[in-house]
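The values are calculated or read from the model by the stated rules, or taken from the named source; none is laboratory data. All values reported here derive from a predicted model rather than from experimental measurement. Here the Cβ is made from the backbone with ideal geometry for all residues, glycine too, and neighbour counts use every protein chain on show.
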């Protein structure tokens, strides 16, 4: 890739590496002062209201990371997952992306968010679900006040109750198993994306935000600011019909969230990946989603 010529976009991207330390946030869940500089910078960026509520803290940390991880629109620009998991620190893992020549898919994003949560004092895991022959998706699980919640660092969303309160992960699975759809809380933040053509950036961003897309003028690949959402992905994904066919074969509704009813694995954010807790989370998810003949 030729030298990057989009200084304004790159400046927003590398803001994640600011090094500063702050006192632990005042919140319902006690979190120790982070030693990791990325976690410290992330916590320092939060408002007092976000720091005062554990649920708002984990949501804000997810949005913070989302804005700083470039999207790889295809495999040509993808950083594979092992370098992310094997990095010596969260800061060194993020350095894999600071030139914006390579980006993430869902698994690397989920791993990095789990690592950020743990560096900020939360317990976190990575879990994957779906059909291995069609489509899988990987997200982050985080423990807040004794409950486990799903945070999606790739699509920048989580799930909530009717009143807006976060919906625990296992309760979300129970609702899906009963054929009840989930209420998505979709945050809209722009991030860098790496694309073969500027037009492709529109495929990842809701139509109402197309006018806000800005791309570099350099030869391909192009860097464009995009707001990726789960709904937009489901609308344009090129094998969406195959996904729907898989769900029909499983006797499930056709919404992409019903892929969660095929839990594949749960792991820790860093080696050793298989722990007693990760196995327990996976086993409970399988019990909820298993269908009795």
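Structure data summary
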{"item": "Single residue of the range 21-67 satisfying the filter (assigned to a loop (DSSP other than H, G, I, E, B) and modelled with pLDDT of 95 or more) that is nearest to the chain's Cα centre (by Cα)", "result": "67"}
{"item": "Qualifying residue in the range 162-184 (condition: within 19 Å of residue 76 (Cβ to Cβ) and in contact (Cβ under 8 Å) with a residue 24 or more places away in the chain)", "result": "no"}
{"item": "Residue match in the range 146-160 (condition: without any contact (Cβ under 8 Å) to a residue 12 or more places away in the chain and either touching a strand residue (DSSP E or B) at 6+ places or on another chain (Cβ under 8 Å) or over 15 Å from residue 261 (Cα atoms) (or both))", "result": "yes"}
{"item": "So residue 109, is it within 16 Å of residue 39 (Cα to Cα), at pLDDT below 95 and either surrounded by fewer than 23 Cβ atoms within 10 Å (Cβ to Cβ) or in contact with a strand residue (DSSP E or B) (Cβ under 9 Å, 6 or more places away or on another chain) (or both)", "result": "no"}
{"item": "Residue check, residue 232 under 18 Å from the mean Cα position of the chain (by Cα), buried (at least 18 other Cβ atoms within 10 Å of the Cβ) and either more than 17 Å from residue 154 (Cβ to Cβ) or at pLDDT below 95 (or both)", "result": "yes"}
{"item": "Subset of the range 177-196 (residues that are touching a strand residue (DSSP E or B) at 6+ places or on another chain (Cβ under 7 Å) and part of a loop (DSSP other than H, G, I, E, B))", "result": "182, 187, 190"}
{"item": "Of all residues making up the range 43-70, the number that are closer than 13 Å to residue 112 by Cβ and touching a strand residue (DSSP E or B) at 6+ places or on another chain (Cβ under 9 Å)", "result": "7"}
{"item": "Flag for residue 253 being more than 23 Å from residue 84 (Cβ to Cβ), in contact (Cβ under 8 Å) with a residue 40 or more places away in the chain and in contact with a helix residue (DSSP H, G or I) (Cβ under 9 Å, 6 or more places away or on another chain)", "result": "yes"}
{"item": "Residue satisfying condition, being surrounded by fewer than 21 Cβ atoms within 10 Å (Cβ to Cβ) and under 30 Å from residue 236 (Cβ atoms), within set 48, 82", "result": "82"}
{"item": "Residue match in the range 129-145 (condition: over 13 Å from the mean Cα position of the chain (by Cα), part of a helix (DSSP H, G or I) and touching a residue at least 24 places away in the same chain (Cβ under 8 Å))", "result": "no"}
{"item": "Within the range 98-114, considering residues that are part of a helix (DSSP H, G or I) and without any contact (Cβ under 8 Å) to a residue 60 or more places away in the chain, the one nearest to residue 196 (Cα to Cα)", "result": "106"}
{"item": "Lone unmet requirement of (1) within 20 Å of residue 71 (Cβ to Cβ); (2) touching a helix residue (DSSP H, G or I) at 6+ places or on another chain (Cβ under 8 Å); (3) surrounded by 15 or more Cβ atoms within 10 Å (Cβ to Cβ) for residue 198", "result": "(2)"}
{"item": "Unmet criterion (only one of (1) modelled with pLDDT under 95; (2) surrounded by fewer than 20 Cβ atoms within 10 Å (Cβ to Cβ); (3) not in a helix (DSSP H, G or I)) for residue 241", "result": "(3)"}
{"item": "Unique match (being surrounded by 17 or more Cβ atoms within 10 Å (Cβ to Cβ), in contact with a helix residue (DSSP H, G or I) (Cβ under 6 Å, 6 or more places away or on another chain) and more than 30 Å from residue 57 (Cβ to Cβ)) among 173, 247, 261", "result": "247"}
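For every residue, the table says whether it meets (1) under 30 Å from residue 143 (Cβ atoms); (2) part of a loop (DSSP other than H, G, I, E, B); (3) touching a residue at least 40 places away in the same chain (Cβ under 8 Å).
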{"residue": "225", "(1), (2), (3)": "no, no, yes"}
{"residue": "232", "(1), (2), (3)": "yes, no, no"}
{"residue": "248", "(1), (2), (3)": "no, no, no"}
{"residue": "258", "(1), (2), (3)": "yes, no, yes"}
{"residue": "266", "(1), (2), (3)": "yes, no, yes"}
{"residue": "278", "(1), (2), (3)": "yes, no, yes"}
{"residue": "288", "(1), (2), (3)": "yes, no, yes"}
